[in-house]
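These notes concern the structure reproduced below.
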Amino acid sequence: MSGAGLKELESLLPGQVRFDEPMARHTTWRIGGPADVLVEPAGINELARLLAWVRAREVPLFIMGNGSNLLVRDGGIRGVVVKIGPALGRVNLRGTTITAGAGAKLARLAAVACRAGVGG
């Protein structure tokens, strides 16, 4: 990734892009070297823009969730890491149907289901 490309990404998603980010800050095991670029999209539109940017430049991509059960080597992760977090964690209940974003915490999803009497 070129310096100009990284500046472009930073301007495309202001405040959501970190460079050389230690993955130890993002895993439950608290280990791991740096990601070249870590992006935490603020919503679905930002995620779509990021994925289009990555595809157009053929940059390596790694998508992670909450970082549980994730071991990152000391050498880190090359390319762009997308951390799917609370901004993409909406949980909706309509009748007996629950839809949840990829960033939804399992405990929250279970609580919504329990309060609604939904199971199975």
**Complete:** To the nearest 10 degrees, the tilt of helix 3-12 (Cα long axis) against the first principal axis of the alpha carbons of the chain is 30
**Request:** Please give the length that would be gained between LEU71 and THR28 if that part of the chain were fully extended, namely 0.36 nm times their separation in residues minus their C-alpha to C-alpha distance (nm, one decimal).
**Result:** 14.6 nm
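Does the chain classify as rounded, prolate or oblate by the C-alpha gyration tensor (a ≥ b ≥ c root eigenvalues; a/c under 1.5 gives rounded; else a/b over b/c gives prolate, otherwise oblate)?
oblate
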**segment 51-120: trypsin sites (Lys or Arg not before Pro) in DSSP loop, at most 12 other beta carbons within 10 Å** = ARG73
**Message:** Taking the full set of protein chains and a 1.4 angstrom probe, give the accessible area of ILE63 in square angstrom, rounded to the nearest 10.
**Reply:** 90
**Asked** How much of LEU88 can a 1.4 Å solvent probe reach, expressed as accessible area in Å² and rounded to 10?
**Response** 20
**Computed helical MRE - 222 nm, the chain, DSSP H runs ≥ 4 contributing -39500 (n - 2.57), nearest 500** = -9000 deg cm²/dmol
**Request:** May I ask you to compute the full-extension gain from ALA111 to THR99, defined as 0.36 nm times their residue separation minus their alpha-carbon distance, rounded to one decimal in nm?
**Result:** 3.0 nm
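Can you give the translational diffusion coefficient of segment 1-62 in µm²/s, computed by Stokes-Einstein from the Kirkwood radius over Cα pairs at 10 °C and 1.306 mPa s?
Answer, rounded: 129 µm²/s.
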**Asked** Alpha carbon centre of segment 61-120 versus segment 19-60: separation in Å?
**Response** 16
**Heavy atoms of ASP36: accessible area, 1.4 Å probe, square angstrom to 10** = 40
**Asked** What is the extension gain from GLU8 to LEU61, computed as 0.36 nm multiplied by their sequence separation minus the C-alpha to C-alpha distance, in nm to one decimal?
**Response** 17.4 nm
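The values are calculated or read from the model by the stated rules, or taken from the named source; none is laboratory data. Note that this is a predicted model, so its numbers are computed, not measured. When we count neighbours, we look across all protein chains shown, and the Cβ atoms used for this are built from the backbone with ideal geometry, even at glycine. Ligands, DNA and RNA are excluded from the accessible area calculation, which covers all protein heavy atoms including side chains. Shrake-Rupley method; radii C 1.70, N 1.55, O 1.52, S 1.80 Å.
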